[in-house]
Amino acid sequence: MDRYAIINSGGKQYHVKQGDVVRLERIAGKVEGDAVEFTVLATHQDGALQTESPAVTGTIVRAGRGKKIIVFKKRKTTTYRRKNGHRQDFHEVRIDAIPTV
């Protein structure tokens, strides 16, 4: 039985199966160990695609920050240089249940 869901989180879509650990953008107000629910765009089970299904549940496993990236802007004829660093916050979420319809 191959069952998966397509969920929406942080303006992005993710293809998840039960037991997967997915790295998502930080979910406001949540800490490690909290349960979260995601809106479901579609679920697939036994060869059938369903668009209306209940929410997928998961548990936050870890919160952290990604690798640092350097953002450098320069205009060649003027003396314009800007250098910034950025680290994206994330949550790793374990998918606990994909409900059937």
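The values are calculated or read from the model by the stated rules, or taken from the named source; none is laboratory data. Treat the numbers as computed from the prediction; the structure is a model and nothing was measured. When we count neighbours, we look across all protein chains shown, and the Cβ atoms used for this are built from the backbone with ideal geometry, even at glycine.
Please give the strands (runs of 3 or more DSSP E) falling wholly within the chain in which 1 or more residues are within 13 Å of the chain's Cα centre (by Cα). Before you say what the answer is, go through the steps one by one.
On the way: elements: 3-9, 12-17, 21-25, 35-45, 48-50, 56-65, 69-75, 80-86, 89-97.
Where strands (runs of 3 or more DSSP E) fall fully within the chain and carry at least 1 residues being within 13 Å of the chain's Cα centre (by Cα), they are 3-9, 12-17, 21-25, 35-45, 56-65, 89-97.
Please indicate, with yes or no, whether at least one residue in region 31-41 is surrounded by 10 or more Cβ atoms within 10 Å (Cβ to Cβ), over 29 Å from T100 (Cβ atoms) and either touching a residue at least 24 places away in the same chain (Cβ under 8 Å) or among the aromatic types (F, W, Y) (or both).
no
Could you list, ordered by first residue, the pairs with Cβ atoms under 7 Å in which the first is in region 59-85 and without any contact (Cβ under 8 Å) to a residue 24 or more places away in the chain and the second is outside any strand (DSSP E or B), at least 6 apart or interchain?
K68/R87; G85/K68
What number of residues within region 42-55 are of a type outside the set (V, I, T), surrounded by 14 or more Cβ atoms within 10 Å (Cβ to Cβ) and out of contact with any Leu (no Cβ under 7 Å at 6 or more places or on another chain)? Don't jump to the end; show me each part of the working.
Within region 42-55, the first condition is being of a type outside the set (V, I, T), and the residues that meet it are 42, 44-50, 52-55.
The next check asks that each one be surrounded by 14 or more Cβ atoms within 10 Å (Cβ to Cβ); those that pass are 42, 44-45, 53, 55.
In the following step, the residues that additionally are out of contact with any Leu (no Cβ under 7 Å at 6 or more places or on another chain) were identified as 44-45, 53, 55.
Number satisfying all stated conditions: 4.
Quick check: anything in region 20-35 charged (D, E, K, R) and touching a Lys or Arg at 6+ places or on another chain (Cβ under 7 Å)? Lay out the reasoning, then the answer.
Looking only at region 20-35, we keep the residues that are charged (D, E, K, R), and these are 20, 23, 25-26, 30, 32, 34.
Now restrict to residues that are touching a Lys or Arg at 6+ places or on another chain (Cβ under 7 Å): 32.
Yes, the conditions are met somewhere in region 20-35.
Look through region 1-49, keep the residues that are over 14 Å from R94 (Cβ atoms) and among the basic types (K, R), and return whichever of them is modelled with the lowest pLDDT.
R3
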